[in-house]
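Enquirer: Sharing a structure with you now.
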Amino acid sequence: MQIEPLDMANVLTTLVERQSKKYTDRAAIYRRNPGGEWIPYSWNELSAMVERAACALEILGIKEKERIAVFSQNDPDIIITDLAAFANRAVPVSIYATSSPQQVEYIVNDSGARMIFVGSEAQYLIAREVSAKSSCLTQIVTFCEIERQEGDTSTLTFPQFLKLGEAATQNCRDEVKRRTAAATPDDIATLLYTSGTTGDPKGAILPHSCFTAAIEMHHERLTSLSDADRSLCFLPLSHIFEKAWTFFCLDSGIKVYVNADTREIQNTLREVRPTCMCSVPRFWEKAYAAIQEKISHMKGISRWMCARALKIGRKRNLEYVRNGRRVPSWLETRYRFYDKNVFAKVRRVMGIENGNMFPTAGAPLSPAITEFFRTIGVPIVIGYGLSETTATVSCYPYVGYEIGTVGTVLPGIEVKIGAENEILVKGPTVMRGYFNKPEETAAAFTADGFFRTGDAGYFDEHGALILTERIKDLFKTSNGKYIAPQAIESRLGEDKYIEQVAVIGDNRKFVTAIIVPAVEAIKEYANRKKIQYRSLEELLKNNQVRDLISRRIETLQEGLASFEKIKKFTLLPKEFTMEAGELTNTLKIRRPVINRHYASEIEAMYA
C-alpha cells in the first residue's frame with residue numbers, strides 16, 4: 001500500500017501533546033541517576049519540561065526555522081530539546097559526542113547554529129573554542145554541571161534553561177503555541193550530518209514529512225510492538241537509526257530507557273531487560289564470540305546437550321517458524337525443553353530474555369551469526385537504511401525472512417537496481433537534499449528522482465534485498481579481479497580472536513589485511529599454550545599466534561574464490577579509532593586513512 005506524507009499535523013510536533021493526554025502519569029522515558037537508579041519521567045512531566053524548554057528557546061531569541069546544535073552523549077535532555085525545537089518550528093542539528101573541534105566547528109558554521117547544547121565538560125570546552133571563532137554561535141547550554149571558563153557569562157545549565165522557560169510570560173507561551181499550530185509537513189525536522197568515509201560531512205535535510213511517513217510505515221510493518229514494550233536507547237541519538245527508532249517508540253507508547261555510557265551496556269541490559277533495542281552488528285559479533293568461547297570449553301553431557309539444542313532450535317525456528325509452517329508437536333515439545341534448559345539461560349545472562357524485536361543495521365552481519373541468534377530464540381531483525389532515507393528502507397518481515405538478505409522493502413518505498421547494481425530509492429522518507437550543497441544534491445539523485453545510495457545489491461527470487469558492497473569500497477586487483485572488502489571483513493568479524501579488520505588490495509596482485517586482534521582472547525590463548533612474552537607487540541609477532549590467526553582466517557574464508565582470499569596479514573597492537581580518523585562516528589572504516597596510516601605495514605606485505 002502506498003503511504004503518502006499525512007495531511008494531519010506533524011507526528012513529531014504533536015507527539016507530546018497527544019501522548020500526555022493518552023498516558024498522563026504513565027512513564028515515558030527513564031534516566032539513570034548517579035546512584036545507578038532508573039528514574040522515570042511520566043508523559044505529563046515530559047510535556048511540562050518540553051513546554052518550559054520551548055519557551056526558553058523563544059526567550060533566548062530562537063526563531064522559526066532557525067538551527068540549534070546538539071553535541072552530547074545520550075541523555076533524556078536531548079529528547080526534550082528536540083521536541084522543544086519542533087514546538088518552535090526550529091531545527092535541531094545532531095553532532096556526534098566524539099566529534100573533534102574541527103568537525104563541530106564545520107557543522108556549526110555550515111548549519112548556522114546560534115545555540116549549542118552539550119553533555120560534558122570536554123564538549124563544553126570545544127563549544128567555547130568554536131564560539132570564539134564562529135560568527136553565528138553565541139549561546140551554550142550544558143546538560144551537565146560544568147566549571148565555567150573565566151569570562152563566560154552566557155552559558156546556562158539545563159536546569160537554568162528550564163527555569164527560564166518556567167518563568168515565561170503569557171505572550172511567550174502564546175507565541176510558542178502559534179508556532180506549533182503553524183507547523184507544516186515541509187518544515188525541516190532535523191539536519192543530520194553524515195559522518196562520511198571521505199570528505200566533509202553533508203547535512204541531510206529531513207523534513208517532518210519524512211518522519212511522519214517513516215513512523216506510519218513502521219506501524220504497518222512492526223505489528224508485534226505495543227505500549228507494553230520497553231526499549232533501551234543504546235546507539236547515539238545523533239545516529240538516524242536510534243533517533244528515528246526512539247521517536248517511533250515514543251509514538252507507540254513504548255517506554256524508553258536512555259543509556260548514557262556505551263561501556264556500561266552489558267550491565268544496563270541486565271538492569272533494564274528490554275524487549276526491543278536497535279543495535280549495530282558489532283554488538284552481536286561480540287556476544288556471539290563470547291558464547292562460542294563458552295561452548296568451546298564445554299565437555300561431556302553439557303557439550304552434547306548444547307549441540308542437540310542447537311539442532312532442534314534451528315529446525316524449529318528456521319525451518320518451521322521462519323516459513324510460517326505449523327511446528328509439529330514432537331518438535332515443539334523438544335524445543336521447549338531445550339529452550340528452558342539451554343537457550344533461556346543464555347538470553348537471561350545477556351539480559352534479553354524478554355526479546356520481542358532487536359533491529360540491527362549499519363553494516364553487514366554474518367549470516368552465520370544471524371542464524372545462530374535466531375536459532376536460540378533471539379529475534380534479530382536485519383534491516384537496511386541510510387541517514388538520507390530516514391533510516392529504514394527494508395527489514396525482515398515476521399514470516400518468510402531470508403537470512404543473508406536485509407529483508408523486504410517497507411510499504412510506500414520504491415527501490416530499483418541501477419547502473420553498477422546500485423540500489424536506488426524513492427519515497428516519502430527520502431531527504432530533500434543536502435544543506436547548502438546544491439551540486440552534491442543534484443549528484444545524489446537520478447534524473448527520475450531516485451536517491452543514489454552508493455550501495456550495490458540485488459533482489460533475490462523471494463523479493464528480499466541483498467547487499468553486496470559499498471560501490472566506492474569495491475576495488476580491483478592488478479589481475480583485474482573485483483573484491484568486495486566488507487563481505488570478507490564481515491566473515492572475519494565472527495571470530496573471537498579478531499576485533500577489527502581492514503581488507504587491502506586495490507591495484508595489488510593479491511588481497512591482504514590489517515587485523516586488530518581481540519587482545520584478551522589472544523592473551524588467554526598465550527597462557528594456555530605457555531607462550532612467553534614481554535609486550536603485546538612481541539606476542540603478536542609470535543609464530544604460534546600468527547599460525548592461530550592464519551588458521552582462523554583460512555576457515556572463515558571457505559567458499560571464497562582463490563583471488564578473494566587474504567594471502568598475508570599484519571597484526572596491529574592498537575585499535576582503529578574515531579579520534580585518529582580511522583573510523584567514522586558510525587564505526588565504519590575510513591579506508592583512505594587506514595591506507596595512509598599503515599602505508600609501511602601494507603608495503604611490507606607486498607615486498
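Enquirer: Might you check whether a residue that is acidic (Asp, Glu), closer than 18 Å to residue 435 by Cα and touching a residue at least 40 places away in the same chain (Cβ under 8 Å) occurs anywhere in the range 194-208?
Expert: Within the range 194-208, one or more residues are acidic (Asp, Glu), closer than 18 Å to residue 435 by Cα and touching a residue at least 40 places away in the same chain (Cβ under 8 Å).
Enquirer: How about the range 367-478: which strands (runs of 3 or more DSSP E) wholly inside it have at least 3 residues that are among the aromatic types (Phe, Trp, Tyr)?
Expert: Details: elements: 380-386, 391-395, 414-417, 422-426, 451-459, 465-470.
It comes to 451-459.
Enquirer: Is one or more of the residues making up the range 582-600 farther than 21 Å from residue 283 by Cα, part of a loop (DSSP other than H, G, I, E, B) and in contact with a helix residue (DSSP H, G or I) (Cβ under 9 Å, 6 or more places away or on another chain)?
Expert: No, because not a single residue in the range 582-600 is farther than 21 Å from residue 283 by Cα, part of a loop (DSSP other than H, G, I, E, B) and in contact with a helix residue (DSSP H, G or I) (Cβ under 9 Å, 6 or more places away or on another chain).
Enquirer: I've got another one for you. Given the structure, is residue 577 under 18 Å from residue 103 (Cβ atoms) and polar (S, T, N, Q)?
Expert: Answer is yes for this residue.
Enquirer: I would also like to ask the following. Identify, from the list 170, 103, the residue that is open to solvent by 10 Å² or more (accessible area, probe 1.4 Å) and under 26 Å from residue 13 (Cα atoms).
Expert: Among 170, 103, only 170 is open to solvent by 10 Å² or more (accessible area, probe 1.4 Å) and under 26 Å from residue 13 (Cα atoms).
Enquirer: Only one of these is under 19 Å from residue 230 (Cα atoms) and of a type outside the set (D, E, K, R): 356, 341. Name it.
Expert: Just one listed residue meets the conditions, 356.
Enquirer: Looking only at the range 266-288, count how many residues are open to solvent by 50 Å² or more (accessible area, probe 1.4 Å) and closer than 18 Å to residue 343 by Cβ.
Expert: 2
Enquirer: Has the range 549-556 got at least one residue that is open to solvent by less than 30 Å² (accessible area, probe 1.4 Å) and in a loop (DSSP other than H, G, I, E, B)?
Expert: no
Enquirer: What pairs can you find where one residue is in the range 580-607 and open to solvent by 60 Å² or more (accessible area, probe 1.4 Å), the other is part of a helix (DSSP H, G or I), and their Cβ atoms are less than 7 Å apart, with a gap of 6+ or different chains?
Expert: That search, which allows pairs on different chains as well, returns 587/282; 595/602.
Enquirer: Consider residue 495 carefully, then state whether it is open to solvent by less than 30 Å² (accessible area, probe 1.4 Å) and in a loop (DSSP other than H, G, I, E, B).
Expert: Working: open to solvent by less than 30 Å² (accessible area, probe 1.4 Å): yes; in a loop (DSSP other than H, G, I, E, B): yes.
For residue 495, the condition - open to solvent by less than 30 Å² (accessible area, probe 1.4 Å) and in a loop (DSSP other than H, G, I, E, B) - is met.
Rundown of residues vs (1) over 22 Å from residue 205 (Cα atoms); (2) not hydrophobic (A, V, I, L, M, F, W, C), yes/no style:
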position: 416; (1), (2): yes, yes
position: 428; (1), (2): no, yes
position: 447; (1), (2): no, no
position: 487; (1), (2): yes, no
position: 501; (1), (2): yes, no
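Enquirer: When you scan the range 558-576, do you find a residue that is of a type in the set (Lys, Arg), closer than 30 Å to residue 236 by Cα and open to solvent by 40 Å² or more (accessible area, probe 1.4 Å), even just one?
Expert: yes
Enquirer: Further question on the same structure: Take residue 364 and tell me if it is open to solvent by 10 Å² or more (accessible area, probe 1.4 Å), touching a residue at least 12 places away in the same chain (Cβ under 8 Å), in a loop (DSSP other than H, G, I, E, B) and closer than 22 Å to residue 585 by Cα.
Expert: In short, yes.
Enquirer: Being surrounded by 13 or more Cβ atoms within 10 Å (Cβ to Cβ) and either of a type outside the set (Phe, Trp, Tyr) or part of a helix (DSSP H, G or I) (or both): is that true of residue 128 here?
Expert: Spelling it out, residue 128 is indeed surrounded by 13 or more Cβ atoms within 10 Å (Cβ to Cβ) and either of a type outside the set (Phe, Trp, Tyr) or part of a helix (DSSP H, G or I) (or both).
Enquirer: Failed condition for residue 543, given (1) surrounded by fewer than 16 Cβ atoms within 10 Å (Cβ to Cβ); (2) under 21 Å from residue 591 (Cα atoms), with all others met?
Expert: Only one criterion is unmet by residue 543, namely (2).
Enquirer: Out of everything in the range 505-539 that is in a helix (DSSP H, G or I) and basic (Lys, Arg), what residue ends up being most open to solvent (accessible area, probe 1.4 Å)? Full working, then the answer.
Expert: Our first condition is that a residue be in a helix (DSSP H, G or I); within the range 505-539, this holds for 519-528, 536-539.
From the residues that got through so far, the ones that are basic (Lys, Arg) too are 523, 528.
On the way: 523: 67, 528: 110 Å².
Among them, the one singled out is 528.
Enquirer: Here's something else I'd like to know. For residue 349, only one of the following conditions fails: (1) open to solvent by less than 50 Å² (accessible area, probe 1.4 Å); (2) within 22 Å of residue 232 (Cβ to Cβ); (3) among the aliphatic types (A, V, I, L, M); (4) in a helix (DSSP H, G or I). What is its number?
Expert: Unmet condition: (1).
Enquirer: Taking the range 289-323 on its own, how many of its residues are open to solvent by less than 30 Å² (accessible area, probe 1.4 Å), within 26 Å of residue 397 (Cβ to Cβ) and either outside any helix (DSSP H, G or I) or of a type in the set (Gly, Ala, Ser) (or both)?
Expert: 1
Enquirer: Taking only pairs six or more apart or across chains, which ones have beta-carbon atoms under 8 Å, a first residue in the range 502-514 that is touching a residue at least 12 places away in the same chain (Cβ under 8 Å), and a second residue that is outside any loop (DSSP other than H, G, I, E, B) and of a type in the set (Asp, Glu)?
Expert: 502/489; 503/489; 511/564; 514/601
Enquirer: Do you know which residues across the range 318-361 are more than 27 Å from residue 490 (Cα to Cα) and touching a residue at least 60 places away in the same chain (Cβ under 8 Å)?
Expert: Selection gives 324, 354.
Enquirer: While we're looking at this one, here's another question. Consider residue 394 carefully, then state whether it is small (Gly, Ala, Ser) and crowded, with 17+ Cβ neighbours inside 10 Å.
Expert: Answer is yes for this residue.
Enquirer: Just to check your reading of the model, which residue among 466, 417, 423, 403 is open to solvent by less than 20 Å² (accessible area, probe 1.4 Å) and either in contact (Cβ under 8 Å) with a residue 40 or more places away in the chain or in contact with an Asp or Glu (Cβ under 6 Å, 6 or more places away or on another chain) (or both)?
Expert: Result: 423 is the single residue among 466, 417, 423, 403 that is open to solvent by less than 20 Å² (accessible area, probe 1.4 Å) and either in contact (Cβ under 8 Å) with a residue 40 or more places away in the chain or in contact with an Asp or Glu (Cβ under 6 Å, 6 or more places away or on another chain) (or both).
Enquirer: Take the conditions touching a residue at least 40 places away in the same chain (Cβ under 8 Å) and β-branched (Val, Ile, Thr) and apply them to residue 389. Does it pass?
Expert: Details: touching a residue at least 40 places away in the same chain (Cβ under 8 Å): yes; β-branched (Val, Ile, Thr): yes.
Yes: the conditions hold for residue 389.
The values are calculated or read from the model by the stated rules, or taken from the named source; none is laboratory data. In this text the structure is predicted, and so the values were computed from the model without any measurement. Methodologically, a virtual Cβ is constructed for each residue, glycine included, from the backbone with ideal geometry; neighbour enumeration extends over all protein chains shown. We work out accessible area using only protein heavy atoms, side chains counted, and drop any ligands, DNA or RNA first. Shrake-Rupley method; radii C 1.70, N 1.55, O 1.52, S 1.80 Å.
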